[in-house]
1. Could you list, ordered by first residue, the pairs with Cβ atoms under 6 Å in which the first is in segment 97-125 and closer than 16 Å to K50 by Cβ and the second is among the hydroxyl-bearing types (S, T, Y) and surrounded by 21 or more Cβ atoms within 10 Å (Cβ to Cβ), at least 6 apart or interchain?
2. Report yes if T29 is among the hydroxyl-bearing types (S, T, Y), closer than 16 Å to L115 by Cα and at pLDDT below 75, otherwise no.
3. Looking at segment 137-151, which of its residues are farther than 30 Å from T48 by Cβ and surrounded by 15 or more Cβ atoms within 10 Å (Cβ to Cβ)?
4. For segment 61-132, list the strands (runs of 3 or more DSSP E) that sit wholly inside it and hold at least 2 residues that are exposed (fewer than 15 other Cβ atoms within 10 Å of the Cβ) and not basic (K, R); which are they?
5. Given the residues P87, P91, which is the only one that is touching a His at 6+ places or on another chain (Cβ under 7 Å) and of a type outside the set (D, E, K, R)?
Amino acid sequence: MRRSLILVPALAAALAASACSRHDDKSDTARQGEPATEAAPVAGGPQTLKPGLWKTVTKTPTGDQETTRCVGEGFDPGAEAAQKASPCGKPTITRQADGFRLEHSCKNNGIDYALTGTVTGDFTTTATTDMTMTLSAFGRRQSLHMTAVSTYVGPCELTTPAPAKG
């Protein structure tokens, strides 16, 4: 029981981070012989966020969080959300005309995880992330829901940190 109480805030934080955060070292995964997480793009579907400054408002069970960050050319929110949200393995990304669908289930340390979600929008002015992670452990089940709305603010300012690359 205590272990599951510790996991709830940790997973809520992981879901929040998936909205608009980055670990640049994740790009080495494909080079190590693992398959890429991205599916072939749908014709006409969005690929990446418009380069520039994006403001994201994330709503999680632990509260709301607002972040602003500069993203560079090629930043792929669907691939990043997939890498950030799963505690084990890589979610399947299915590109759709209006964005991405994420799905994944796995087991880690006796805990079953099921992740589903979408990232939608025009990706030039807005992008909306909606994810649910369900945990099953020790005879209990808990679902965590996270939504995030990202809005394009404008070009990156000179004082903004270097853009994240996709």
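1. V119/T129
2. No; evaluated as a whole, the condition is false for this residue.
3. Those that are farther than 30 Å from T48 by Cβ and surrounded by 15 or more Cβ atoms within 10 Å (Cβ to Cβ): A137, Q142.
4. Strands (runs of 3 or more DSSP E) meeting the threshold: 63-71, 99-108.
5. P91
The values are calculated or read from the model by the stated rules, or taken from the named source; none is laboratory data. From a predicted model like this one, the values you see are computed outputs, not experimental measurements. Don't worry about glycine lacking a Cβ; one is built from the backbone with ideal geometry, like all the others, and counts go over all protein chains shown.
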